[in-house]
Amino acid sequence: MPLEIVRIPAFSDNYIWLVHDRDSRETMVVDPGEATAVLAEAERRGWTISAIWNTHWHPDHTAGNQAIKDATGAPVIAPAAEAAKIPTADRLVKEGDTVTLGKHVATVLETPAHTAGHITYHFAGDAALFPGDTLFALGCGRLFEGTAEQMHANLQRLAKLPPETQVYCAHEYTLSNARFAHVAEPDNDDIAKRLVAVELMRDKGEPTVPTTIGEERATNPFMRAATAEEFAARRAAKDAF
């Protein structure tokens, strides 16, 4: 059976993802920046959290680890390169490792740049991607601990995934990203149409993610940058936008 994926809003613009496998009844949570809402949603659904998956060390993605561990005994799976910054980690993973939820298998992709050891989880068989703060709808993460070359390579790699792949981003940044994308590529009709759609969704208070790899190929100015130099210029412009 397909995975059940539930969006849990947190803070001002974070999304925490609760992922459930009906067959095994296993449930994991991706990047719990806080615990209370996660535990409440799992209890409401009758799910028991069996694992915590982190993409990177930032507190808005990891601060809920300990409380969820204390409440459920769930182990934390985290990037090996950031072990020192995620003291709650129980299992450290790197490029090519696999993690499972029941019979559903996710491959670990190393996607450094936002942080030095950032990883992404890809469920190829379920066409689902959890990229943390590497890829956003119409955007990408800031380069806090890495380079433009690294992030450009990350996005080019993700762009090669099947277009139907659902992308479960960690933030609701889409409106700002869409406005910048329209400036970056003013002649791109797909971006212009998507901006209108995003504005309508946000006016109604609706979430704009998940997105898809296909949508991002057509409208994400960072994924569409032809070279690392073009990417760097666009990233710098967005930082000042």
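The values are calculated or read from the model by the stated rules, or taken from the named source; none is laboratory data. Just so you know, these numbers come straight off a predicted model, no measurement behind them. Reconstructed Cβ throughout: ideal geometry from the backbone, glycine too, with neighbour counts over all protein chains shown. These area figures cover heavy atoms from the full protein model, side chains too; ligands, DNA and RNA do not enter into them. Shrake-Rupley method; radii C 1.70, N 1.55, O 1.52, S 1.80 Å.
Quick notes on this structure:
- Within the range 180-199, residues that are within 16 Å of Phe231 (Cβ to Cβ) and touching a residue at least 60 places away in the same chain (Cβ under 8 Å) reach partners that are open to solvent by less than 70 Å² (accessible area, probe 1.4 Å) and among the small types (Gly, Ala, Ser) with beta carbons closer than 8 Å, at six or more positions or on different chains, in the pairs Phe180/Gly139; Phe180/Ala237.
- One residue from Ala137, Ala237, Ala170 being in contact with a Gly (Cβ under 7 Å, 6 or more places away or on another chain), small (Gly, Ala, Ser) and open to solvent by less than 60 Å² (accessible area, probe 1.4 Å): Ala170
- Leu175 modelled with pLDDT of 95 or more and part of a strand (DSSP E or B): no
- Criterion: within 27 Å of Gly125 (Cα to Cα), in contact with a Phe, Trp or Tyr (Cβ under 9 Å, 6 or more places away or on another chain) and modelled with pLDDT of 95 or more - qualifying residue of Thr48, Thr55: Thr55
- Consider the range 184-194 and keep the residues that are touching a helix residue (DSSP H, G or I) at 6+ places or on another chain (Cβ under 8 Å) and part of a helix (DSSP H, G or I). The one that is most open to solvent (accessible area, probe 1.4 Å) is Asp190.
- The set of residues in the range 202-211 being outside any strand (DSSP E or B) and in contact (Cβ under 8 Å) with a residue 24 or more places away in the chain consists of Arg202, Pro207, Thr208, Val209, Pro210.
- Among the residues of the range 165-178, those identified as of a type outside the set (S, T, N, Q) and under 23 Å from Glu95 (Cα atoms) are Val167, Tyr168, Cys169, Ala170.
- Filtering the range 146-158 to residues that are in a helix (DSSP H, G or I) and open to solvent by 20 Å² or more (accessible area, probe 1.4 Å) leaves Glu149, Gln150, His152, Ala153, Gln156, Arg157.
- Exactly one residue out of Thr100, Thr62, Thr27, Thr48 is of a type in the set (Ser, Thr, Tyr), out of contact with any Leu (no Cβ under 6 Å at 6 or more places or on another chain) and closer than 25 Å to Gln150 by Cα, and it is Thr62.
- Count - residues of the range 80-97 that are open to solvent by 60 Å² or more (accessible area, probe 1.4 Å) and part of a helix (DSSP H, G or I): 3
- Of Ala218, Ala228, Ala197, all but one fail to be of a type outside the set (D, E, K, R), open to solvent by less than 40 Å² (accessible area, probe 1.4 Å) and under 13 Å from Leu138 (Cβ atoms); the exception is Ala218.
- Tallying residues that are hydrophobic (A, V, I, L, M, F, W, C) and touching a Pro at 6+ places or on another chain (Cβ under 9 Å) within the range 184-217 yields 5.
- The range 1-56, subset over 19 Å from Val209 (Cα atoms), out of contact with any His (no Cβ under 8 Å at 6 or more places or on another chain) and basic (Lys, Arg), residue least open to solvent (accessible area, probe 1.4 Å): Arg22
- For the residues Ala71, Ala83, the requirement of being more than 22 Å from Cys169 (Cα to Cα), in contact with a Gly (Cβ under 9 Å, 6 or more places away or on another chain) and among the aliphatic types (A, V, I, L, M) singles out Ala83.
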